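**Q** Let me begin by handing over the structure; questions about it come next.
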Amino acid sequence: MTAPTTSARVFLVRHGDTDWISGGKFASRTDIPLSKMGEKDIEFTRDRVVAEDEMIDPTGIAKIYCSPRINARRTVEILGIGVHHHQHFQNEETGQKWRSESVIKGETADPYIHITKSLEEWDFGYYEGMTLQAINEKRMKDYGSGTWDIWTDGCPGGESPQQVTERLDKLIREIKQVISSNSASWPGGQLIAHRSQHAQDVVCVAHGHILAALAIRWVGLPLDTGMMRLIFEPGGVGILGFEHDNINQPAILVGRKPGRPDREQRSETGFAQASR
């Protein structure tokens, strides 16, 4: 008999456009709101992928994580994923709770949208508010080299690849625990989730570099290898999952047909995966 598997997915959603993104400036600590175009970015994404039986099905969401930055929180509000008639937010560090009046697409299993520092953008340190050209000019002056690679160099006065790795790995362990809460141990120690109607999907709403780093760490690759270059456009959605639907084989779904797979059947395997 074939063991049941998990069709759980982790959706990575980048916030919409901001004035700093349009100007090519790097923002991490600075709280930059969405621009009018940024709000339209998220409305466009919401109207095409967020609905029951669509790619992001609110009824299938077990937990929502969000960066503390105002552009990420506003993105969640526009997406309309939450519970009941309001969205309920909770800051994981302070315990503060609040709610929005957004139109809700459907209920989620967890009563709160979790605001976590784990999804703050990679801290750009001294490069905060600078353009790539200005950063390279500064590095030429400071180090005699004008080519900056965040994945290997990190950010002076900010975070190194190792520091980002440590905070993301902690979040990944928590996400996998959320998904594995519907799991059972099978012969050989394999942990496979029960196929059921229970919500299993996780949504992470954050920023371009930290979401790319999260995807790389999801499949166990080091950030400083320079082997992967992942790009999240404003309002873009990335998907993480599991190869062969095995919860012990995390994968990046780089090709996915629209809609949500039937939860009563084994999910489709006709998409490319970059796996560990």
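**Q** Taking residue 77, is it surrounded by 16 or more Cβ atoms within 10 Å (Cβ to Cβ), closer than 26 Å to residue 23 by Cα, modelled with pLDDT under 95 and charged (D, E, K, R)?
**A** yes
**Q** What number of residues in the range 145-164 are among the hydroxyl-bearing types (Ser, Thr, Tyr), in a loop (DSSP other than H, G, I, E, B) and out of contact with any Lys or Arg (no Cβ under 8 Å at 6 or more places or on another chain)?
**A** From the range 145-164, those among the hydroxyl-bearing types (Ser, Thr, Tyr) are 145, 147, 152, 160; that's our starting set.
Now narrow it down to the ones that are in a loop (DSSP other than H, G, I, E, B): 145, 147, 160.
Now narrow it down to the ones that are out of contact with any Lys or Arg (no Cβ under 8 Å at 6 or more places or on another chain): 160.
Looking only at that region, the number is 1.
**Q** Take the residues in the range 216-250 that are of a type in the set (A, V, I, L, M, F, W, C) and assigned to a strand (DSSP E or B); name whichever of them is surrounded by the most Cβ atoms within 10 Å (Cβ to Cβ).
**A** So, considering only residues that are of a type in the set (A, V, I, L, M, F, W, C) and assigned to a strand (DSSP E or B), the one surrounded by the most Cβ atoms within 10 Å (Cβ to Cβ) is 242.
**Q** May I ask you to verify whether residue 72 is at pLDDT 95 or above and buried (at least 19 other Cβ atoms within 10 Å of the Cβ)?
**A** yes
**Q** Which of the numbered conditions does residue 48 fail, given that it passes all the others? Conditions: (1) within 14 Å of residue 11 (Cβ to Cβ); (2) in contact (Cβ under 8 Å) with a residue 24 or more places away in the chain.
**A** Exception for residue 48: condition (2).
**Q** Just need a number here: residues in the range 203-254 that are in contact with a Lys or Arg (Cβ under 9 Å, 6 or more places away or on another chain) and not β-branched (Val, Ile, Thr).
**A** The qualifying residues number 24.
**Q** Here's a follow-up. Identify, please: which residue in the range 1-44 is modelled with pLDDT under 95 and hydroxyl-bearing (Ser, Thr, Tyr) and is, among those, surrounded by the fewest Cβ atoms within 10 Å (Cβ to Cβ)?
**A** 2
**Q** Any residue at all in the range 112-124 that is part of a loop (DSSP other than H, G, I, E, B), more than 16 Å from residue 27 (Cα to Cα) and not hydrophobic (A, V, I, L, M, F, W, C)?
**A** For the range 112-124, residues part of a loop (DSSP other than H, G, I, E, B), more than 16 Å from residue 27 (Cα to Cα) and not hydrophobic (A, V, I, L, M, F, W, C): present.
The values are calculated or read from the model by the stated rules, or taken from the named source; none is laboratory data. Bear in mind the structure is a predicted one, so any value in this text is a computation, not a measurement. Virtual Cβ from ideal backbone geometry, glycine too; neighbours counted across all protein chains shown.
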